[in-house]
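Undergrad: Here it is, the structure, as C-alpha cells.
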Amino acid sequence: MRYLIGVDLGTSATKTVLFDEELHVKASSSKAYPLSQPENGWAEQQPEDWYEATAETIRSVLEQSGIDPHDVAGIGLSGQMHGLVMLDEENEVLRPAIIWCDQRTGKECREITERVGREKLIAITANPALTGFTASKILWVRNHEPEIYAKCRHILLPKDYVRFKMTGAYATEVSDASGMQLLDVPHRCWSKELLRILDIDEAMLAKVYESPDIAGRVHEAFARKSGLCAGTPVVGGAGDNAAAAVGTGIVEDGKAFTTIGTSGVVFAHTSTPRIDPEGRVHTFCCAVPGCWHVMGVTQAAGLSLKWAKDQIADRYRAEAEQQGCDVYDLINKDVADVPRGSRRLLYLPYLMGERTPHLDPDCRGVFFGLSAIHTQADLLRAVMEGVSYSLTDCLQVLCEMQVGIDEMMACGGGAKSPIWRQMLADMFGCNVSTITSEEGPALGVAILAGVGTGIFQDVPTACRAFIEKKTTVSPDAEAKAYYARGHHLYQRLYRQLQDCYKELATL
C-alpha cells in the first residue's frame with residue numbers, strides 16, 4: 001500500500017494528514033502557533049513556527065499509523081497565501097513574516113498602481129494592487145526597513161519556506177504565486193515587465209511549477225527530523241483556497257465552494273481566465289494545470305466568530321469548560337433559537353479591513369442596532385449573519401462576471417455548523433452541500449501529490465473517483481426573502497460609513 005501526506009499550513013495551526021492511496025485518512029495531527037499584531041492592522045508570524053509544526057506533525061502521523069516511511073509516495077503542501085518570508089544569503093529569516101491579513105501597505109499599493117498603471121497591472125496580474133498581496137509587502141520592507149531589504153536574497157511564500165526547509169529547493173507553484181502580484185497570471189510565469197518596473201530582482205523569487213509537479217525531494221536533515229525517508233517527492237501543492245477546491249472537488253466548470261476559515265472565500269473554477277475590471281474579486285491560476293479560479297474574499301469570517309467567542313461569550317466558555325464540550329457546539333445550539341435577523345441586529349465583519357467587494361483597508365467592524373434587549377446569543381448570531389452577508393457580496397460579483405455556478409460546496413471550520421450552512425443557502429438562494437471528508441486543503445494537496453507521483457491520472461479524475469457528498473441544505477423561501485432585505489441594509493451601512501472609516505483611520 002502506498003501513502004500520501006497532505007500538509008496544510010494555516011494561520012492558526014498546521015495540520016498534517018496521512019492518507020492511503022484510496023484517500024482514506026490513516027492519521028492526523030495538528031500544532032498551533034501564535035499570531036502577532038505589533039500595531040493596529042498589522043499581522044506577523046515566525047516562519048520557524050511553521051517549520052517546527054510541520055516536522056512535528058509529520059512525525060506524529062507516521063508514529064500514529066505505524067507505516068513504513070518508505071511507503072510514503074509523496075507529500076503535498078498547502079498554505080496561507082500572500083505571506084512574505086525574506087531570507088539572507090545564509091538562508092536565515094531576516095524578519096517575522098508579514099502575513100495575508102496585514103493591512104499596513106496602503107501607500108505601497110498606491111505606489112504600485114502609479115508605477116505600473118491600474119489597467120496594465122490588472123492585465124498582467126488579473127488583480128488591482130491590494131494590501132494583502134505580497135508585492136506591496138516587499139515594497140513596504142524596502143521603504144521602511146532598507147537595511148533588511150539590502151540583506152534579502154530569497155523571497156518565499158509561507159508554504160514554500162517550509163518546502164525549502166524540507167528539500168532545499170527554492171520553489172513555488174502557480175496558484176500561490178498568483179497571489180504575490182508578480183506573476184503573469186494568464187501566462188502562468190513571473191512577469192519580467194512588472195519586475196522591471198518595480199525594480200525587484202527575479203533571482204530572489206522561487207522557480208514556478210504547476211501544482212502537481214514534483215518541486216523537490218526531502219533531504220537528509222528533514223528526514224531525520226520528521227521520520228520521513230530522504231528522497232520522498234514533494235509536489236508544488238497549492239495555496240489554501242486552491243487546495244481546498246481540489247479537496248472539495250471544485251475542479252471543473254460550474255462548480256464552486258464557500259469556505260469559512262479564519263477568512264472566508266467564495267471560489268469558482270473556470271477553464272478560461274475571467275477578470276473583473278473593477279478588481280473586486282481575484283483571478284488566480286488554480287491547481288488544475290491550464291485552468292484558473294475566481295474568488296471573493298472576506299477578511300474576517302471565522303476570525304469574527306472567534307473574536308466574539310473570546311471577547312463577548314464568556315458564559316459559553318465557562319459552560320463548555322464545565323461540561324467538557326466544544327464551546328462552538330454550545331454557541332450553535334443557542335444561535336439556532338435566535339430568530340433570523342438577530343432581533344434587528346446587524347454586524348459588519350471588517351475586523352481586518354476588507355477585500356471583496358470594497359478593497360478597503362480602513363473599514364472596521366460594526367454592530368448596528370444594538371439595544372438592551374440583545375443577549376450574547378443575539379450578538380453571536382448577528383456575527384454569523386454578517387459574515388454570510390459578506391460572502392453573499394462575493395457571490396453577487398461572480399454572478400455579474402457570468403461565472404456559471406451550478407453547485408455550491410461548503411468547507412472550513414464554519415461549514416461544520418448546520419445553522420451557518422442554512423444561512424448561506426438562504427442568502428445564496430441555492431443548495432449548499434458538504435463532502436464526507438473534512439480534510440479540505442490537506443486532502444487537496446494529497447491528491448496533487450498522488451497525481452505528481454503517478455498514483456492518479458489527473459486531478460479531475462481523482463476528484464470524481466474519491467470525493468462524495470455528505471449533506472445538502474436547501475434555501476427556505478421565507479428566509480431568502482428576509483435576508484434579501486437585510487442584505488440591502490447591510491450594503492447601505494458600508495456606503496454610509498465609508499467616509500467615517502477614513503476619518504477614523506486618521507484620528
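Undergrad: Between the alpha-carbon centers of segment 443-507 and segment 30-63, tell me the distance in whole angstrom.
TA: So the two Cα centres are separated by 25 Å.
Undergrad: While we're on this one: How would you rank Cys430, Cys394, Cys286, going from fewest to most other Cβ atoms within 10 Å of each one's own Cβ?
TA: Numbers: Cys430 18, Cys394 25, Cys286 31.
In order of increasing Cβ crowding within 10 Å: Cys430, Cys394, Cys286.
Undergrad: Another question, then. Roughly how many nanometres apart are two label points built 7 Å out from the Cα toward the Cβ at Met204 and Arg464?
TA: About 4.5 nm, to one decimal.
Undergrad: What number in nm² do you get for the chain if you take the convex hull of its Cα atoms and divide its surface by four? Write out the running numbers ahead of the final one.
TA: Working: hull surface 89.3 nm².
Its Cα hull, projected and averaged over all orientations, spans 22.3 nm².
Undergrad: Positive end of the dipole of the chain, charges at C-beta (+1 Lys, Arg; -1 Asp, Glu), about the Cα centre: which of Tyr347, Gln46, Gly264 has its Cα farthest in that direction?
TA: Farthest towards the positive end: Tyr347.
Undergrad: Set the Förster distance to 51 Å, then compute FRET efficiency between Leu370 and Glu22 from the Cβ-Cβ distance, nearest 0.05.
TA: Calculated value: 0.50.
Undergrad: Among Lys192, Lys107, which comes first, then next, by fewest other beta-carbon atoms within 10 Å? Don't skip to the end; give the middle numbers.
TA: Numbers: Lys192 10, Lys107 14.
Ordered from fewest to most neighbouring Cβ atoms within 10 Å, Lys192, Lys107 come out as Lys192, Lys107.
Undergrad: In addition: Restricting the calculation to Cα positions, tell me the Rg (one decimal) and the Dmax (whole number) of segment 93-165 in Å.
TA: So, for segment 93-165, Rg and Dmax equal 13.0, 38 Å respectively.
Undergrad: Here's a follow-up. Calculate the length of the line joining the C-alpha centroid of segment 93-122 to that of segment 135-194, in whole Å.
TA: 12 Å
Undergrad: How high is the relative contact order of segment 145-263, in percent, counting Cα pairs under 8 Å that sit 6 or more residues apart?
TA: Details: 149 pairs, mean separation 28.9, N = 119.
Computed over segment 145-263, the figure is 24 percent.
Undergrad: Quick one: grab the alpha carbon gyration tensor of segment 201-290, order the square roots of its eigenvalues as a ≥ b ≥ c, and give me rounded if a/c is under 1.5, else prolate or oblate depending on whether a/b is larger than b/c. Kindly include the intermediate steps, with their values, before the conclusion.
TA: Details: a/c = 2.28, a/b = 1.79, b/c = 1.27.
Here segment 201-290 falls in the prolate category.
Undergrad: Moving to a separate point now. Please order Trp140, Trp292, Trp307, Trp100 by the number of other Cβ within 10 Å, starting at the fewest. Don't jump to the answer; show the numbers that get you there.
TA: Working: Trp140 22, Trp292 25, Trp307 16, Trp100 29.
Listing Trp140, Trp292, Trp307, Trp100 from fewest to most nearby Cβ atoms yields Trp307, Trp140, Trp292, Trp100.
Undergrad: To continue, here is another question. Could you give the dipole magnitude of the chain about its Cα centre, charging the beta-carbon of Lys and Arg +1 and that of Asp and Glu -1, in debye to the nearest 20?
TA: Numbers: 50 positive and 66 negative charges, 147 e Å.
About 700 debye.
Undergrad: What is the pair-distance distribution P(r) of segment 366-504, computed from all Cα-Cα distances in 5 Å bins starting at 0, with each bin given as a whole percent?
TA: 2, 8, 14, 16, 17, 14, 10, 8, 5, 3, 2, 0, 0
Undergrad: So what's the gap between the Cα centers of segment 199-261 and segment 414-428, to the nearest angstrom?
TA: Here the two parts' Cα centres lie 29 Å apart.
Undergrad: Taking square-rooted eigenvalues a ≥ b ≥ c of the alpha carbon gyration tensor, is segment 149-276 rounded, prolate or oblate, where a/c under 1.5 means rounded and, failing that, a/b exceeding b/c means prolate? The partial results should precede the final answer.
TA: On the way: a/c = 2.04, a/b = 1.16, b/c = 1.76.
Cα axes put segment 149-276 in the oblate bin.
Undergrad: If you take every DSSP beta bridge fully contained in the chain, what fraction is antiparallel? Give it as a percent rounded to 5. Working shown, then result.
TA: Working: 51 of 73 bridges.
That works out to approximately 70 percent antiparallel.
Undergrad: Please give the contour-minus-distance gain from Ala123 to Ser271: 0.36 nm per residue of separation, less the Cα-Cα distance, rounded to one decimal in nm.
TA: Numbers: separation 148, 0.36 × 148 = 53.28 nm, distance 1.75 nm.
So the extension gain works out to 51.5 nm.
Undergrad: Let me ask another. Rounded to the nearest 500, what is the chain's calculated 222 nm mean residue ellipticity when only DSSP H runs of at least 4 contribute -39500 (n - 2.57) each, over all residues?
TA: -12500 deg cm²/dmol
Since every read-out is calculated from the coordinates, none of them should be taken as a lab result. This is a predicted model, so every value here is computed, not measured. Counting neighbours? That spans all protein chains shown, and the Cβs are built from the backbone with ideal geometry, glycine included.
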